[in-house]
1. Tell me the per residue accessible area of the chain using a 1.4 Å probe; a whole number in Å² is fine.
2. Which of 161, 92, 138 ends up with the largest GNM mean-square fluctuation for the chain, with Cα atoms connected below 10 Å?
3. So, with a 1.4 angstrom probe, what is the percent of accessible area on the chain that is carbon and sulfur?
4. When the label point is put 7 Å from the Cα of residue 95 along its Cα-to-beta-carbon vector, which residues of the range 53-78 have a backbone N closer than 16 Å?
5. Using a 1.4 Å probe on the protein heavy atoms only, what accessible surface does residue 9 show? Give it in Å² to the nearest 10.
6. Along its principal axes, what span do the Cα atoms of the chain show, with the longest given first and each in whole Å?
7. Tell me the angle of helix 163-175 to the major Cα principal axis of the chain, expressed in degrees between 0 and 90 and rounded to the nearest ten.
8. Give me, ordered by chain and number, the residues 5 or more places off residue 67 or on other chains with an amide H under 5 Å from its own placed amide H.
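The values are calculated or read from the model by the stated rules, or taken from the named source; none is laboratory data. From a predicted model like this one, the values you see are computed outputs, not experimental measurements. Note that each Cβ is placed from the backbone with ideal geometry, even for glycine, and that neighbours are counted across all protein chains shown. Accessible surface areas use protein heavy atoms only, side chains included; no ligands, DNA or RNA. Shrake-Rupley method; radii C 1.70, N 1.55, O 1.52, S 1.80 Å.
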Amino acid sequence: MDDILQTVKLEVTLDCMQGSSLGQVWSYVELAQRRLLQRNGMDPESVSIDVLMKRYLWPYIVKLPEMTFINEGTVIYNSTATIAHSTTSGFLSISADEVESQYPDLTVHASPRLIYKELFGREEGNEKLLRSTQAFTLIQALSRSREKGITQVQLSKSFGLDPRSTFHFLRVIDREGLLTKTVTYDHGITTNLW
């Protein structure tokens with residue numbers, strides 16, 4: 001079970017400041033289970049996250065360190081704060097199905113410390129890149145794209161940036177050693193995935 005919880009924590013962290021919806025959290029549980037089955041030579045396609053699995057895992061997920069649970073802009077529970085400081089102390093005692101029905105827009109967010117540590121390799125982050133809103137926004141988008149990657153054109157369109165500005169920020173991020181560029185073919189054209 002530790003593998004599942006560590007995967008959930010890592011994946012939520014890689015979703016950066018945007019956080020992860022509850023549906024995404026369950027997909028991360030599924031991802032972890034698939035990896036475990038594959039590692040043990042079993043069929044990873046047999047994974048299914050049902051109500052019983054959610055009920056079993058939810059109390060552990062909600063207690064993951066440095067996670068904040070937010071619904072419609074309101075902090076419902078912060079695992080690093082004491083229960084007395086949480087807006088809804090009863091949140092810990094409700095089941096996964098109750099959470100899904102009472103908080104349909106719930107998102108789970110990792111602490112900035114965890115995000116910085118994952119993105120920059122150190123808890124305090126990278127001052128140079130954190131000073132630039134655009135650079136930090138692009139780093140987060142790159143993180144959310146995971147292994148799939150994202151092109152410079154996609155980044156420019158997503159954030160309404162001039163492609164030259166996007167190139168500049170990617171070059172700054174790359175100089176900090178935080179990017180991997182991969183040449184690929186898309187619709188018959190050679191392009192770079194970041």
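1. On the way: 10980 Å² over 194 residues.
I get 57 Å² per residue for the chain.
2. Among 161, 92, 138, the largest mean-square fluctuation in the Gaussian network model of the chain belongs to 161.
3. Numbers: 5560 of 10980 Å².
Carbon with sulfur: 51 percent of the solvent-accessible area.
4. Zone members listed by number: 53-60.
5. Roll a 1.4 Å probe over it and residue 9 shows about 40 Å².
6. Reported extents, whole Å, longest axis first: 51, 43, 28.
7. So the inclination is approximately 70 degrees.
8. Here the answer is 79, 80, since their amide H atoms fall under 5 Å of that of residue 67.
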